[in-house]
Amino acid sequence: MQVKNRMQLSFPSLSQNESFARQAVAAFALQVGDWTLVELDEIMTAVSEAVTNAIIHAYDDEIGEVRIHASILQGDGIEIVVEDDGIGIEDVAQAMEPMFTTKSQQERTGMGFSFMESFMHELTVTSAPQQGTSVRMVKWLTTRPDTQV
């Protein structure tokens, strides 16, 4: 995939930074073209879920670093990678199962990866214990019936 533009963010794993991250990525995504409000909201929600996972799960009540790399792709798409250097995920397949959570006492629903998967065209999660986690998401601008000739 050829990259037309890219940006990076790095911030402490504080809950107040989740809103900043989703807004920053949404503003960057506008370079792609005419996203519908629904598509833009899907991007923002997916980013929010990935960042929230890093904040809640990666550092076990300690403050760590969350990084976002976003790229505008040739062909009208956006690639977003959310990374942390936290405790990692022992079993990624299990963690991606709907309703699975390690934080049920904190009223976590275990739906974050499911939302990311349904809102984005591609989702790849790479992680290992004590190695951190990388969540890669891609969304393509879709052709709309009202714009076809």
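Annotations for the structure displayed:
- Remark: SER114, SER15 ranked as SER15, SER114, counting other beta-carbon atoms within 10 Å and listing the fewest first.
- Computed over region 3-144, the alpha-carbon pair-distance distribution with 10 angstrom bins reads 12, 45, 33, 9, 0, each value a whole percent.
- Förster radius 30 Å - calculated FRET efficiency between GLU90 and HIS121 (Cβ-Cβ, nearest 0.05): 0.65
- Exposure proxy ranking, count of Cβ atoms within 10 Å, fewest first, for PHE11, PHE113, PHE20: PHE20, PHE11, PHE113
- Estimated FRET transfer efficiency (MET1, GLU65; beta-carbon r; R0 25 Å; 0.05): 0.45
- Potential extension, GLN74-ALA128 segment - 0.36 nm per residue separation minus Cα distance: 16.3 nm
- For the peptides 132-141, 42-51, 115-124, residues were scored by their other Cβ atoms within 10 Å and the scores averaged per peptide; the highest-first order is 42-51, 132-141, 115-124.
Since every read-out is calculated from the coordinates, none of them should be taken as a lab result. Please read all numbers here as calculations on a predicted model, not as lab measurements. Glycine gets a Cβ as well: all are built from the backbone with ideal geometry, and neighbour counts include every protein chain shown.
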